[in-house]
Amino acid sequence: MKLRFGIQFVGARTRDEWVEAARRAEGLGFSTLVLPDHFGGGQLAPMPALMAAADATSTLRLGTLVLCNDFRHPVMLAQEAATLDLLSDGRLELGVGAGWMREEYEAVDLPFDPAGTRVERLEESVRILRSVLDEGRVDFAGKHYRVSGFEGAPEPAQEKVPLLVGGGSPRILRMAGRHADIVGVHHNLRAGEAQVHDITLEETERKLAWVREGAGDRFPELELQVGVGIFWVTPRPHTVLDGLSRRLGMPPETLATLPNVLVGSVSEMADKILGLRERFGISYVVIQGRDMEAAAPLVSTLSGC
């Protein structure tokens, strides 16, 4: 697949700041503007924020990375997603996840069920979402959700709204392989935080094997995505990696290979991304908003390749 880049923002202090960020991302050649889904910290509510970004742009795609399944009933989410896709002329990429931050659940008195239960519930939700978005109606009887005769959601502009599911555990990656169009290959967040040793090249290979197990014959159709947490353009990558090594407890030569770490010159970063696509098939890279300007030359070099 051709390479493309997303940019992830969290919030903005004013409407003008938000609109300018979206327009700047579009102008720099980013494919998609994405938002996470957390409480507090200045986090914009994803759906209205993405609608404002849609109104300010014309080609920029709009994504959620990712919505916590337990915060919304899937029928309500499907109706909101269909509406956003319709009103943005077909630019939505809907990302959903099982939820992982215990403190957010506790803050609003939601039960934080075991990971397996949350993933099981997410799979039912994904099936409901797909039915509503594809057919405009759903009848579903599962362990966690029962929906009887729902119909009437607006018809999305896209023939098929792309669905993104990401994670790092066997169960969620197999499920993503079964149902998603875009699979995010990330840390296993079961413990409530990212573990740097969980995203080495060897671990990435293992995670993709789980995706293949779930996807079967449809694996070649999947778009594989990775998020970059450390981005640093520098002519002296060893200096930066040595500092990170002391902080993260991983040898600098190993850190340099992690899919979610880009440190070095633009040409070195480009070679690494091309290598990740060659080895793993990863073609969709999401950069953090703070790094948008620094990443612009990389995006210009590789987008569409």
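For the range 236-249, the count of residues that are assigned to a loop (DSSP other than H, G, I, E, B), at negative phi and either in contact with a His (Cβ under 7 Å, 6 or more places away or on another chain) or not charged (D, E, K, R) (or both) is zero. Within the range 85-106, one or more residues are closer than 24 Å to MET51 by Cβ, part of a helix (DSSP H, G or I), of a type in the set (A, V, I, L, M) and at pLDDT 95 or above.
Quick check: anything in the range 101-120 in contact with a strand residue (DSSP E or B) (Cβ under 7 Å, 6 or more places away or on another chain) and within 30 Å of GLY136 (Cβ to Cβ)? I'd like the intermediate steps shown before the answer.
From the range 101-120, those in contact with a strand residue (DSSP E or B) (Cβ under 7 Å, 6 or more places away or on another chain) are none; that's our starting set.
No; the residues of the range 101-120 include none that is in contact with a strand residue (DSSP E or B) (Cβ under 7 Å, 6 or more places away or on another chain) and within 30 Å of GLY136 (Cβ to Cβ).
Out of VAL266, VAL233, VAL240, I need the residue that is more than 21 Å from the chain's Cα centre (by Cα) and touching a residue at least 60 places away in the same chain (Cβ under 8 Å). Which one? Before the answer, list the steps.
Numbers: VAL266 fails: touching a residue at least 60 places away in the same chain (Cβ under 8 Å); VAL240 fails: touching a residue at least 60 places away in the same chain (Cβ under 8 Å).
From the options VAL266, VAL233, VAL240, the qualifying one is VAL233.
For the range 89-102, indicate whether the set of residues that are more than 23 Å from SER31 (Cα to Cα), crowded, with 17+ Cβ neighbours inside 10 Å, in contact with a helix residue (DSSP H, G or I) (Cβ under 7 Å, 6 or more places away or on another chain) and not aromatic (Phe, Trp, Tyr) is non-empty. Yes; the residues of the range 89-102 include at least one that is more than 23 Å from SER31 (Cα to Cα), crowded, with 17+ Cβ neighbours inside 10 Å, in contact with a helix residue (DSSP H, G or I) (Cβ under 7 Å, 6 or more places away or on another chain) and not aromatic (Phe, Trp, Tyr).
Pick out the one residue from THR254, THR301 that is buried (at least 16 other Cβ atoms within 10 Å of the Cβ), farther than 21 Å from GLY184 by Cα and among the hydroxyl-bearing types (Ser, Thr, Tyr). If you could, list the steps in order and put the result at the bottom.
Values: THR301 fails: buried (at least 16 other Cβ atoms within 10 Å of the Cβ).
THR254 is the lone residue from the list that is buried (at least 16 other Cβ atoms within 10 Å of the Cβ), farther than 21 Å from GLY184 by Cα and among the hydroxyl-bearing types (Ser, Thr, Tyr).
For VAL183, the conditions (1) part of a strand (DSSP E or B); (2) under 21 Å from TRP210 (Cβ atoms); (3) more than 17 Å from the chain's Cα centre (by Cα) are fulfilled apart from (3).
Selection of the range 253-276 for residues being more than 15 Å from GLU202 (Cα to Cα) and part of a helix (DSSP H, G or I) yields VAL266, SER267, GLU268, MET269, ALA270, ASP271, LYS272, ILE273, LEU274. The C-beta contact set for the range 201-220 (first residue surrounded by 21 or more Cβ atoms within 10 Å (Cβ to Cβ) and at pLDDT 95 or above, second residue among the hydroxyl-bearing types (Ser, Thr, Tyr) and not in a helix (DSSP H, G or I), distance under 9 angstrom, 6+ apart or interchain) comprises LYS207/SER169; TRP210/SER169.
For the subset of the range 59-88 comprising residues that are among the charged types (D, E, K, R) and in contact with a strand residue (DSSP E or B) (Cβ under 8 Å, 6 or more places away or on another chain), which member is surrounded by the most Cβ atoms within 10 Å (Cβ to Cβ)? Before you say what the answer is, go through the steps one by one.
We begin by selecting, within the range 59-88, every residue among the charged types (D, E, K, R); these are 61, 70, 72, 80, 85.
From what is left, the residues that are in contact with a strand residue (DSSP E or B) (Cβ under 8 Å, 6 or more places away or on another chain) are 61, 85.
Values: ARG61: 22, ASP85: 24.
So, considering only residues that are among the charged types (D, E, K, R) and in contact with a strand residue (DSSP E or B) (Cβ under 8 Å, 6 or more places away or on another chain), the one surrounded by the most Cβ atoms within 10 Å (Cβ to Cβ) is ASP85.
Restricting attention to the range 5-35, the residues being under 20 Å from GLY99 (Cβ atoms) and at pLDDT 95 or above number 3.
Of these, ALA82, ALA54, which one is touching a Leu at 6+ places or on another chain (Cβ under 8 Å), assigned to a helix (DSSP H, G or I) and closer than 24 Å to VAL285 by Cβ? Before the answer, list the steps.
On the way: ALA82 fails: closer than 24 Å to VAL285 by Cβ.
Within the list ALA82, ALA54, the selection yields ALA54.
Just one of ARG121, ARG146 is surrounded by fewer than 21 Cβ atoms within 10 Å (Cβ to Cβ), out of contact with any helix residue (DSSP H, G or I) (no Cβ under 9 Å at 6 or more places or on another chain), modelled with pLDDT of 95 or more and on the phi < 0 side of the Ramachandran plot; which is it? Give the steps one after another, and end with the answer.
Values: ARG121 fails: out of contact with any helix residue (DSSP H, G or I) (no Cβ under 9 Å at 6 or more places or on another chain).
After ruling out the rest, the residue left standing is ARG146.
Can you name every residue in the range 120-150 that is among the β-branched types (Val, Ile, Thr) and part of a helix (DSSP H, G or I)? The answer is VAL126, ILE128, VAL132.
Conditions (1) over 23 Å from HIS197 (Cβ atoms); (2) modelled with pLDDT of 95 or more; (3) in contact with a Pro (Cβ under 8 Å, 6 or more places away or on another chain), marked per residue:
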{"residue": "PRO237", "(1), (2), (3)": "no, yes, no"}
{"residue": "ARG247", "(1), (2), (3)": "no, no, no"}
{"residue": "ASP271", "(1), (2), (3)": "yes, yes, no"}
{"residue": "GLU278", "(1), (2), (3)": "yes, yes, no"}
{"residue": "ALA294", "(1), (2), (3)": "yes, yes, no"}
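With touching a residue at least 40 places away in the same chain (Cβ under 8 Å), buried (at least 19 other Cβ atoms within 10 Å of the Cβ) and touching a Ser or Thr at 6+ places or on another chain (Cβ under 6 Å) as the only criterion, which of VAL161, VAL183, VAL138, VAL165 stands out?
Working: VAL161 fails: touching a Ser or Thr at 6+ places or on another chain (Cβ under 6 Å); VAL183 fails: touching a Ser or Thr at 6+ places or on another chain (Cβ under 6 Å); VAL165 fails: touching a Ser or Thr at 6+ places or on another chain (Cβ under 6 Å).
Exactly one residue qualifies, and that residue is VAL138.
The values are calculated or read from the model by the stated rules, or taken from the named source; none is laboratory data. Note that the coordinates shown come from a computational prediction; the quantities given were computed from them, not determined experimentally. FYI the Cβ positions are ideal-geometry reconstructions off the backbone, even for glycines, and counts take in every protein chain you see.
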